[in-house]
1. Do you know which residues across the stretch 133-166 are assigned to a loop (DSSP other than H, G, I, E, B) and at pLDDT 50 or above?
2. For residues that are closer than 26 Å to Lys57 by Cα and among the aromatic types (Phe, Trp, Tyr), scanning just the stretch 172-226, find the one that is modelled with the lowest pLDDT.
3. Looking at Asp102, Asp84, Asp80, which is the one that is farther than 30 Å from Leu302 by Cα, modelled with pLDDT under 90 and not assigned by TED's automatic domain parsing to the domain that holds Leu275?
4. Got a sec? Which of Ala46, Ala27 is in contact with a Phe, Trp or Tyr (Cβ under 6 Å, 6 or more places away or on another chain) and of a type in the set (Gly, Ala, Ser)?
5. Name every residue in the stretch 107-120 that is outside any strand (DSSP E or B) and modelled with pLDDT of 90 or more, in order of residue number.
6. Name the residue that is farthest from the chain's Cα centre (by Cα), counting only residues in the stretch 68-118 that are buried (at least 20 other Cβ atoms within 10 Å of the Cβ) and within 24 Å of Arg47 (Cβ to Cβ).
7. Which is within 17 Å of His218 (Cα to Cα) and either more than 27 Å from the chain's Cα centre (by Cα) or modelled with pLDDT of 95 or more (or both), of Leu320, Leu372, Leu308?
8. Any idea which residue in the stretch 354-368 is surrounded by the fewest Cβ atoms within 10 Å (Cβ to Cβ), counting only those that are more than 27 Å from Ala276 (Cα to Cα) and at pLDDT 95 or above?
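The values are calculated or read from the model by the stated rules, or taken from the named source; none is laboratory data. This is a predicted model, so every value here is computed, not measured. Heads up, the Cβs are rebuilt from the backbone with ideal geometry, glycines too, and the neighbour counts pull from every protein chain shown.
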Amino acid sequence: MIIELHLLQSFPVSNLNRDDTGQPKTATFGGVTRGRISSQSLKRAARQLFNDYGLDKHETGIRTKRLLDHAVKILVEQHDRAPDAAPAVVSAGLEALGFGVDANTRLTQYLLFVGRQAVDLLADFCEREWDRLHAAAEAKAVAAARKAKKGDDSEPAENDSGSKAKKIKPGKEDLAEAGRILDASKVADVALFGRMIADNKDFSVDAACQVAHALSTHAVVNDFDYYTAVDDLKPKDQSGADMIGTVDFNSACYYRYANLNLEQLTTNLGGDTDLAARTVRSWLYAFIHAVPTGKQNSMAALTLPETLIGVVRRRGAWNLANAFLRPVAGTDVMATSTQRLVDHLQQLRGFYGASDITSLTAASVTTPLIGLPEEETAPTLEAFSNSVFTAARV
């Protein structure tokens, strides 16, 4: 069973998700420039809300490169390990588990998406294996010192009288420990969005949820705000601004789309149907309320979706972005976009058939849903969500 969520959401002056030049992200679609919010931005905004909508903190994960420092803190504060020795031991521990660490920054080579228990489990592993890891760390330090003394920037040969410390390769027991530390079978957001671990694909997780980049239903031209600021302590006989700058922004009505494969979600959560059901509910409410945080302190573009369509289907998926392939024009953008969305959905149902669709529920705050039967409309968010959950047997 698959749940699809289609949303229309209008934002006033905003810069929710900016590119490397500071401008709101855009994309060309239907031959014109559209406003865009990346799927990564929307997923993060939703993840920040999961604990507000039914998931406990320990049931959600963290994305981090900073496992080393947090594990070191536990070793020092809870196990009385020496602060100067612990970092090297944890670094050796991560290497033993198959993960490289930058010696200068003490960060893992890439962001790891793990459960919140991973830090404690890593610290426990390093404590149990302290002697082995400490010896490996010392051997590595001796090899580095010899290399520095020689002034040789090249890699020492393997037979260079022990001048090269052997890299710890994960053994069977270490791989089992890595699997325990990286276990995500009770971590809802890892189950939803998946993870890719290139060093060991056994620890990768296939995402149960797909999220599209949000696109404006109409053409967009980015603009900029020229601002000035005055020094409050400036002498009264002086005038003029003490700070001048610009901030880029646009205003747009976005089409947002996401889907969730319930079977994949349950599999990712180790068959825990209770956690899967609570994850589905949290996912739906979090995505509806998700708003990226970019420039919100200066623009407060804190709106909610105006039009919502929830589809429950046995298989397949329909992103309805092509409803806006021809950009919407006119002054009532939301009403026109809503009608376009409904019409396109009905056209697809008529052409491809609706045998895979078990339920469709639509709701709108302000716009009549012309073309949909009354039994497929809901007057409130609660009625909308309950209809989706009932059809999905959640």
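1. Gly151, Asp152, Asp153, Ser154, Glu155
2. Among those residues, the one meeting the criterion is Phe203.
3. Residue meeting the stated conditions: Asp102.
4. Ala46
5. Leu107, Arg116, Gln117, Ala118, Val119, Asp120 - these are the residues of the stretch 107-120 that are outside any strand (DSSP E or B) and modelled with pLDDT of 90 or more.
6. So, considering only residues that are buried (at least 20 other Cβ atoms within 10 Å of the Cβ) and within 24 Å of Arg47 (Cβ to Cβ), the one farthest from the chain's Cα centre (by Cα) is Ala71.
7. Only one candidate passes the filter, namely Leu320.
8. Among residues in the stretch 354-368 that are more than 27 Å from Ala276 (Cα to Cα) and at pLDDT 95 or above, the one surrounded by the fewest Cβ atoms within 10 Å (Cβ to Cβ) is Val365.
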